[in-house]
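Heads up: the structure comes next, in structure tokens.
The values are calculated or read from the model by the stated rules, or taken from the named source; none is laboratory data. None of these values were measured; they are calculated from a predicted model. We place every Cβ from the backbone using ideal geometry, glycine too, and count neighbours over all the protein chains shown.
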């Protein structure tokens, strides 16, 4: 019989890394938009911080949505 390829601890670590990477991607995107617009260092920093906030909010809502989706469709892994 074939079991899961990842332990629960490895799955949690991978999930946390994916979330951090997503938030940083959104934050860097905000900073790059400020650079492209010709903003000063303060605006680039503001773009990064704004992107960081937006990324955190997106992760919060996506994780909640995903948990609701799994609960309503019974697609969660049984443990």
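Here are some notes:
- For residue 16, the requirement of being in a helix (DSSP H, G or I), at pLDDT 95 or above and out of contact with any helix residue (DSSP H, G or I) (no Cβ under 9 Å at 6 or more places or on another chain) is met.
- In region 41-59, the residues that are out of contact with any helix residue (DSSP H, G or I) (no Cβ under 9 Å at 6 or more places or on another chain) and either closer than 14 Å to residue 24 by Cα or part of a loop (DSSP other than H, G, I, E, B) (or both): 57
- Filter result (touching a residue at least 12 places away in the same chain (Cβ under 8 Å) and surrounded by 13 or more Cβ atoms within 10 Å (Cβ to Cβ)) within region 1-31: 19, 22, 23, 24, 26, 27, 28, 29, 30, 31
- Flag if residue 32 is modelled with pLDDT of 95 or more and over 26 Å from residue 66 (Cα atoms): yes
- Flag for residue 70 being surrounded by 11 or more Cβ atoms within 10 Å (Cβ to Cβ) and at pLDDT below 95: yes
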